[in-house]
Amino acid sequence: MSFMVRAAKRSVVLILIMAFCLAFARAQDARLDISHLDKLADKAAETIEVSLDERLLQLAAKFLNSKNPDEARVKDLVSGLKGVYVRVFEFDNPGEYATSDIEALYSQLHSAGWTKIVGVRSKRDGQKIDVQIKYLGNSSSILGLTIIAAEPKELTVVNIVGPIDLDKLSQLEGQFGIPKLGLEKINKGKSRN
């Protein structure tokens, strides 16, 4: 075998190994691409946008007082997170966002190995809420959580990336721009099952 053929085979093998590593790393990532939702800000009456990567979370945590029990719990909870990404759009009229905006999110969740743990549907109110988590492989370690709450005049998307303790998660409500979503009730209902 010539030197060129061996070098080409090595290059192909190296490229395949790198592609596998990148695919594996992406499969382990719990961050969703929610950038397509940013266009809704022009239509919304009110908008909340939070994009805190790991570096910003650690910086924000430095300002929390460890002597205050509530702030100490939040500081502990965010210490291992890789990111918190929130988009909330409140509209004056129903139908100002398209179902395709939500379907793009669900497409990511279906292809990335997420597991739905809570689903709420109300035909009366036109409300649809889904809470999904992503596990690390076959373990019980949680890599991330996503909440999609769609109502006729409001759309809320929360994507928390990093190791999450569901028992402590409700403590993040009202912090870092995460709205109050009733996670404590969801967690209590889950623990009864």
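Read-outs throughout are calculated quantities, based only on the coordinates presented, and are distinct from any laboratory measurement. These figures come from a predicted structure and were not determined experimentally. Note that we place each Cβ from the backbone using ideal geometry, even for glycine, and neighbour counts take in every protein chain shown.
Structure summary
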{"item": "All aspartates and glutamates inside 12 Å of K153 as judged from Cα atoms, apart from same-chain residues fewer than 8 positions distant", "result": "E46, E90, D92, E96, D125"}
{"item": "Of K43/K123; K39/K82; K67/K134, pairs whose Cα-Cα distance is over 31 Å", "result": "K67/K134"}
{"item": "Evaluated at q = 0.19, 0.30 Å⁻¹: base-10 log I(q)/I(0), Debye formula over Cα of the range 91-142", "result": "-0.79, -1.21"}
{"item": "Cα shape, the range 25-77, gyration tensor, a/c 1.5 rule", "result": "oblate"}
{"item": "Length added when fully stretched, K116-K67, from 0.36 nm per residue minus Cα-Cα", "result": "14.0 nm"}
{"item": "Fraction of alpha-carbon pairs over 15 Å apart in the range 116-167 - percent", "result": "50"}
{"item": "Cut-off 13 Å between beta-carbons: net charge of the residues surrounding E96, Lys and Arg +1, Asp and Glu -1", "result": "-4"}
